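The values are calculated or read from the model by the stated rules, or taken from the named source; none is laboratory data. All of these numbers come straight from a predicted model, not from anything done at the bench. Don't worry about glycine lacking a Cβ; one is built from the backbone with ideal geometry, like all the others, and counts go over all protein chains shown. Heads up: the accessible areas ignore ligands, DNA and RNA and are worked out on the full protein's heavy atoms, side chains in. Shrake-Rupley method; radii C 1.70, N 1.55, O 1.52, S 1.80 Å.
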Amino acid sequence: DDSKDKRLTESHVVAVVSYASSDKIVREALITCDDPKRASLLRSLADSTQTLTDVVTPPDTARDKNAAPRHALRLSIQQNYPSPPNLLEILIPIAADDLDLAHAKLPPGIRLAPWKR
């Protein structure tokens, strides 16, 4: 809420996810919510707990002996007590060492778009 970038103060904004290598930002994505009141709860550090994890799926070696594990970023947002948890999960696949925004799995009312600083 105190961002210097005025675009991030828009009421529908939830978060920006950055995918980076050791020397540069590869891609960023803006997460928004159709409902501004819900967006406010989801981005609030006081009202919700946000967790970003790397999800690794083992390779399907039965189909391809040289298959590599598949990776995705999972953003979990859970409301804090005394509210009910209302877990929200966003899954963004990583393909060719980049975020695959087109194949992201999003809950209803949540949007994901490319973002540039």
Next on the checklist: Go through (1) open to solvent by less than 50 Å² (accessible area, probe 1.4 Å); (2) in a strand (DSSP E or B); (3) hydrophobic (A, V, I, L, M, F, W, C) for residue 39 and report which single condition fails.
Outcome noted: (2)
Next on the checklist: With of a type in the set (D, E, K, R) and under 24 Å from residue 3 (Cα atoms) as the only criterion, which of 43, 63 stands out?
Outcome noted: 43
Next on the checklist: So, in the range 65-117, how many residues would count as being closer than 12 Å to residue 29 by Cβ, in contact with a Leu (Cβ under 7 Å, 6 or more places away or on another chain) and in a loop (DSSP other than H, G, I, E, B)?
Outcome noted: 2
Next on the checklist: Go through the range 10-36 and report how many residues are modelled with pLDDT under 90 and not in a loop (DSSP other than H, G, I, E, B).
Outcome noted: 0
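Let's see how each residue does on (1) more than 16 Å from the chain's Cα centre (by Cα); (2) surrounded by 14 or more Cβ atoms within 10 Å (Cβ to Cβ); (3) within 13 Å of residue 17 (Cβ to Cβ); (4) charged (D, E, K, R):
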| position | (1), (2), (3), (4) |
| --- | --- |
| 64 | yes, no, no, yes |
| 68 | yes, no, no, no |
| 75 | no, yes, yes, no |
| 85 | yes, no, no, no |
| 91 | no, yes, yes, no |
